[in-house]
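Below: one structure, written as structure tokens.
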Amino acid sequence: MAEVGLRVAIVGGGIGGLFAANALLAQGVSVSVYEQAPALGEVGAAVFVTPNSVRQLERLGLGPAVEKWGARIGPGSRYLRADGTPIAEVQITDSAGWNAVFGFHRADLVEILAGALPDGVVHTGHRCSGFEQGADSARVRFDNGATAEADVVVAADGIHSTLQHHVVPPSRPIASGSVAYRGLVPHELVPDWPQQDWLLWMGPSRHFLVYPVRAGRLIGYVGFTPTDEQMRESWSAPGDPDTLRREFADWDPRIGALLQHVGTTHRWGLYDREPLPAWTAGRLTLLGDAAHPMLPHLGQGANQSMEDGMALATVLAHADRDTAPAALRTYEALRRERVAAVQRGARENGLRYDSLSGDLATRDAEMTAHRAFRRWLYDYDVVPEAEAAAAPA
């Protein structure tokens, strides 16, 4: 276990930062979270949670909350052609047959993670404005005049991280050429909709995803369409429901039946980055989207950030104030190769989903074969590797 004196400051109170705080506290590390918003919360959208992170949530005692608030994805889940013709089953288990794939409302997952933290750990209304470090400590400054001194600072402040440039020069966003319309529909408005199915329709330059959230009481949808517009990477920009309906008007009628109940939708420009050359500088390290923003076509953004948090906590459990910088380098080395593979896989999957990787027969065969990659994702347990990496030579 880490010595009592090790102090960690996490900048960013999203899923990655809050999970890391829980994981660090479970290892006896003193931690504080600083979030720029006046209150914790997430835009009303859905997020996919898969076995590689569910096993970490269970380690932290949050398994019952996952079962209560998540919507378990069932065996009726399918990839489909635009007209609704089935292509392939969706991989919903790891190789051992464990089905721990859930749809979540992002706000519910944030609430679960925040609610598990002791009072006083999370500090809202703290927008990071500066960072400095010396040989023995690091200091974060905030717009409200506050400062936080720590042995380790974790930048979990997302794709627009204010701390990333203290590690590497800012990386340029790579536009995917797509925009995503996303939102939620109460299941009671479409009572015949299957409550456990993850369904993804694929057509030329577009795809449409639906899966259940909040124990099946809500249906999360995401419609991906082509765009030449350069828009900010934002979850919350307003979209036009009528435009969304027109984009998929000649697709499977089930999509139209769902979209007729959409009154508001959010529009999200899709970008990622090339893998960064470094995540760590001294006592500062990056986590989640600050380190490895990825396209959403594997549903792994939140899951990889939770893997990051568990890896970081496991490694720092073996560190003290003096060895913390070396431990952060160990964390980075442990995570970078896997996350880069997931980033590449998300790009490749997006090409398949938008039917840009070949003819339809080739695409359909690739979707069937894709189950092996999903099993590789879901089988992974970051803790044994982190324990081995942190063990004394």
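The values are calculated or read from the model by the stated rules, or taken from the named source; none is laboratory data. Note that this is a predicted model, so its numbers are computed, not measured. Neighbour counts are summed over all protein chains in view; Cβ atoms, including those assigned to glycine, are modelled from backbone coordinates with ideal geometry. These accessible areas exclude ligands, DNA and RNA; they are computed on the full protein's heavy atoms, side chains included. Shrake-Rupley method; radii C 1.70, N 1.55, O 1.52, S 1.80 Å.
Looking at (1) among the small types (Gly, Ala, Ser); (2) out of contact with any strand residue (DSSP E or B) (no Cβ under 6 Å at 6 or more places or on another chain); (3) not in a helix (DSSP H, G or I), can you tell me which one residue 299 breaks?
Checking residue 299 against (1) among the small types (Gly, Ala, Ser); (2) out of contact with any strand residue (DSSP E or B) (no Cβ under 6 Å at 6 or more places or on another chain); (3) not in a helix (DSSP H, G or I), the one that fails is (2).
Can we say residue 276 is touching a residue at least 12 places away in the same chain (Cβ under 8 Å), out of contact with any helix residue (DSSP H, G or I) (no Cβ under 6 Å at 6 or more places or on another chain), within 30 Å of residue 319 (Cβ to Cβ) and surrounded by 13 or more Cβ atoms within 10 Å (Cβ to Cβ)?
Judged against the criteria, residue 276 is a match.
With the requirement that a residue be touching a helix residue (DSSP H, G or I) at 6+ places or on another chain (Cβ under 6 Å) and surrounded by 21 or more Cβ atoms within 10 Å (Cβ to Cβ), what does segment 258-273 give you?
Just the residues of segment 258-273 that are touching a helix residue (DSSP H, G or I) at 6+ places or on another chain (Cβ under 6 Å), to begin with: 259, 261-262, 265.
Hits for segment 258-273 are 259, 265.
Give 255, 174 a once-over and let me know the one that is surrounded by fewer than 16 Cβ atoms within 10 Å (Cβ to Cβ) and in contact with a Phe, Trp or Tyr (Cβ under 9 Å, 6 or more places away or on another chain).
It is 174.
Just to check your reading of the model, which residue among 326, 311, 346, 317 is aliphatic (A, V, I, L, M) and open to solvent by 10 Å² or more (accessible area, probe 1.4 Å)?
None of the others qualify; the one that does is 326.
Condition check: hydroxyl-bearing (Ser, Thr, Tyr), open to solvent by 30 Å² or more (accessible area, probe 1.4 Å) and closer than 17 Å to residue 18 by Cβ. Does residue 124 satisfy that?
yes
Does segment 37-67 hold any residues that are open to solvent by 10 Å² or more (accessible area, probe 1.4 Å) and modelled with pLDDT of 95 or more, and which are they?
55, 58, 59, 60, 61, 62, 63, 64, 65, 67
Does residue 151 fit the bill of being crowded, with 19+ Cβ neighbours inside 10 Å, touching a Gly at 6+ places or on another chain (Cβ under 7 Å) and not polar (S, T, N, Q)?
no
Can you find even one residue in segment 15-31 that is crowded, with 18+ Cβ neighbours inside 10 Å and in a strand (DSSP E or B)?
Checked segment 15-31: at least one residue is crowded, with 18+ Cβ neighbours inside 10 Å and in a strand (DSSP E or B).
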